[in-house]
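Notes follow the structure.
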Amino acid sequence: MMGVDTGVPTGWGRRRSMRSMSEINITAFVDVLLVLLIIFMMTSQYLRAGFDVDLPKADTPGLEQRTDPVIVTLSIDKRLAVGDLVVPGLAELQAALRAELGSATRPVFLKADRNVPYGSIVAVMSQIRGAGVQDIGLMTESGEEDWFER
């Protein structure tokens, strides 16, 4: 069987095999990219410093802002964040705010959970005021609060 003539020149078989070798199989490459994409999508949810809070509701129109505010978040379990930066405690809040604001005069919005005690909100607002902020606002969701009906 070694010397059988197939009617095809001997060089043709080599060229054909070389041509198929030059094609790139990207299936494995796409599989790896999809796995990496899924990993990045899942871990990016944990990299956000902001956390979910249950805001109180107010049936008032929103304020129109001329400058981009800094958002301070206070959760029910006493976690604090300035923008995307988690602050270890109330004592470090002023330094984190000063670093975020720099020399700019921007408003600061306090985004506190509806179940946070009033005294804790006042303490955080006092620290914000101590950082030199003059314009402080409280964030709410639109709707009517049902606290009085409970």
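Each value in this text was obtained by applying a stated rule to the coordinates, not by laboratory testing. Just so it is clear, the structure is predicted and the values come from calculations on it, not from any experiment. Cβ sites come from the backbone with ideal geometry, for glycine too, and all protein chains shown count toward neighbours.
List of remarks:
- Here the extension length gained between Leu36 and Lys78 equals 11.7 nm, from 0.36 nm per residue of separation less the Cα-Cα distance.
- Sum of side-chain charges, Ala123 neighbourhood, beta-carbon under 14 Å (Lys, Arg +1; Asp, Glu -1): +1
- Comparing segment 57-149 with the 2.2 N^0.38 Å rule of thumb, its C-alpha radius of gyration ratio is 1.10 (two decimals).
- Among the GluC sites (Glu not before Pro) in segment 104-150, those located in a DSSP loop and surrounded by at most 11 other Cβ atoms within 10 Å of their own Cβ are Glu144.
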